[in-house]
Amino acid sequence: MYDYTAPQWLLFFFSYCFLGWVWESCFVSLRTRTWTNRGFLYGPWIPIYGFGAVVILWLTLPVRQSIPLIYLLGMTGATVLEYVTGAAMEKIFHVRYWDYSNAPLNLNGHICLFCSLGWGVFSVLLVKYLHPPVEKLILLLPATAAEILSMALLAAFAVDATRSVQEALHLKELLGQLAESNAAIAKIQARLDEAADALAKNSAQLRERLQGLEALLQEPLPAVRGRGRKALETALGEARRRRQALLRQLSEKADLLMESGQKAAESLPDLPSFRERLRQMEASLSARRDRELRRAADLLRRNPSAVSPRYRREVESLRRILGRRKKKDRKETED
């Protein structure tokens, strides 16, 4: 057994958090062809790599002379950690920050056989090649220096983790609000369409005015091009204007139907409540700051593989704002 002190274990943890961040950020940046600060946290560290490395070391250092045992124990420990972490994060935030649902032999999208085998390979590389120089460097630090450095990193990590958890909870709340709003709009739109079809049969003038309104509802908005903060703010503003235009046009449709008098009241008795609900949603949308949407979009930007089985449509709408939709997803949406 290797008798490391608590500060040394912390320094190992932060070292592998940082190395994991370097690997993930470089890999994702090469794939997206733009620099991406990868990970759940803002700082240069990804905790799953740090925890994974510590778990692997704790399990395998006593048998570090046996490669088969390193592989087996490391693969098992890292796989269990990955599943528990992924399931807990989805339970808390309603978002999967990694997803293996499309991989063969996966378990609830949190782990898959290929990645588990990869954890085994990583365990061998870690114990045999990566950890010895890292261990040597950290053990050279005087006890006082190791304690001070580990406490400073722990404090910075705690601040970052607190802020990032708040952002993730905000994203969860935002997705819930968007889902509720989308469901309400879809319900109102369906009822208005139903009433409009019934009333327009007996009024050529009303039918003509409704057709003009429908043309506005179907009019596409120009796509936003480019990357960076300015492009994101432009895209958020365009998305807000599109949503506001939809709500205003639905309100106009409700007002137009109200003008039809008694027949409208008979066809759609809850029309006044629909009108009030639309006005409330428009007011809520106007009050929502671009900064809130930008923070949510930034979190998804750092985690391009994140998905949400519960809020799939809402996450996809934010992905469209970011301009990072995959070809497959775009084709499915168009179909």
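The values are calculated or read from the model by the stated rules, or taken from the named source; none is laboratory data. Predicted model, so just to flag it, every value in this text is computed and none were measured. Note that each Cβ is placed from the backbone with ideal geometry, even for glycine, and that neighbours are counted across all protein chains shown. All accessible areas refer to the heavy atoms of the entire protein, side chains included, with ligands and DNA or RNA removed. Shrake-Rupley method; radii C 1.70, N 1.55, O 1.52, S 1.80 Å.
Only residues that are farther than 14 Å from Ser308 by Cα and either open to solvent by 20 Å² or more (accessible area, probe 1.4 Å) or of a type in the set (A, V, I, L, M, F, W, C) (or both) were counted across region 80-96, and they come to 5.
Every condition in (1) within 24 Å of the chain's Cα centre (by Cα); (2) open to solvent by less than 70 Å² (accessible area, probe 1.4 Å); (3) not small (Gly, Ala, Ser) holds for Leu30 except the one numbered (2).
Counting only helices (runs of 4 or more DSSP H) that sit wholly inside region 127-241, those with at least 2 residues that are modelled with pLDDT of 80 or more and closer than 25 Å to Ser308 by Cα are 143-200. Just to be sure I understand, how many residues within region 46-63 are under 18 Å from the mean Cα position of the chain (by Cα) and either among the aliphatic types (A, V, I, L, M) or in a loop (DSSP other than H, G, I, E, B) (or both)? Of the residues in region 46-63, 2 are under 18 Å from the mean Cα position of the chain (by Cα) and either among the aliphatic types (A, V, I, L, M) or in a loop (DSSP other than H, G, I, E, B) (or both). Only one of the numbered conditions (1) surrounded by 14 or more Cβ atoms within 10 Å (Cβ to Cβ); (2) at pLDDT 65 or above is not met by Arg324, and that is (2). Identify all residues within region 64-74 that are open to solvent by less than 40 Å² (accessible area, probe 1.4 Å) and part of a helix (DSSP H, G or I); write none if there are none. Passing the criteria: Ile70, Gly74. The residue pairs whose first member lies in region 158-177 and is small (Gly, Ala, Ser), whose second member is outside any helix (DSSP H, G or I), and whose beta carbons are closer than 8 Å, counting only pairs six or more residues apart or on different chains, are Ala161/Leu41; Ser164/Phe40; Ser164/Leu41; Ser164/Tyr42; Ala168/Phe40; Ala168/Val95; Gly176/His94; Gly176/Tyr311. The set of residues from region 1-31 being of a type in the set (Asp, Glu) and part of a helix (DSSP H, G or I) comprises just one member, Glu24. For region 14-27, the set of residues classified as modelled with pLDDT of 90 or more and either open to solvent by less than 20 Å² (accessible area, probe 1.4 Å) or touching a Pro at 6+ places or on another chain (Cβ under 7 Å) (or both) consists of Phe14, Tyr16, Cys17, Phe18, Gly20, Trp21, listed by residue number. The C-beta contact set for region 29-47 (first residue under 27 Å from Leu11 (Cα atoms) and without any contact (Cβ under 8 Å) to a residue 40 or more places away in the chain, second residue assigned to a loop (DSSP other than H, G, I, E, B) and among the small types (Gly, Ala, Ser), distance under 7 angstrom, 6+ apart or interchain) comprises Ile46/Gly39. Can you name the condition, by its number, that Thr162 falls short on among (1) buried (at least 16 other Cβ atoms within 10 Å of the Cβ); (2) of a type in the set (S, T, N, Q); (3) over 16 Å from the mean Cα position of the chain (by Cα); (4) under 30 Å from Phe12 (Cα atoms)? Among (1) buried (at least 16 other Cβ atoms within 10 Å of the Cβ); (2) of a type in the set (S, T, N, Q); (3) over 16 Å from the mean Cα position of the chain (by Cα); (4) under 30 Å from Phe12 (Cα atoms), Thr162 violates only (1). Among the residues of region 33-58, which ones are over 17 Å from Leu300 (Cα atoms), open to solvent by 10 Å² or more (accessible area, probe 1.4 Å) and aliphatic (A, V, I, L, M)? Residues satisfying the conditions are Ile48, Val54, Val55. Among the residues of region 126-157, those identified as without any contact (Cβ under 8 Å) to a residue 60 or more places away in the chain and surrounded by fewer than 13 Cβ atoms within 10 Å (Cβ to Cβ) are Tyr129, Pro132, Pro133, Lys136, Leu137, Leu140, Pro142, Thr144, Ala145, Ala152, Ala155.
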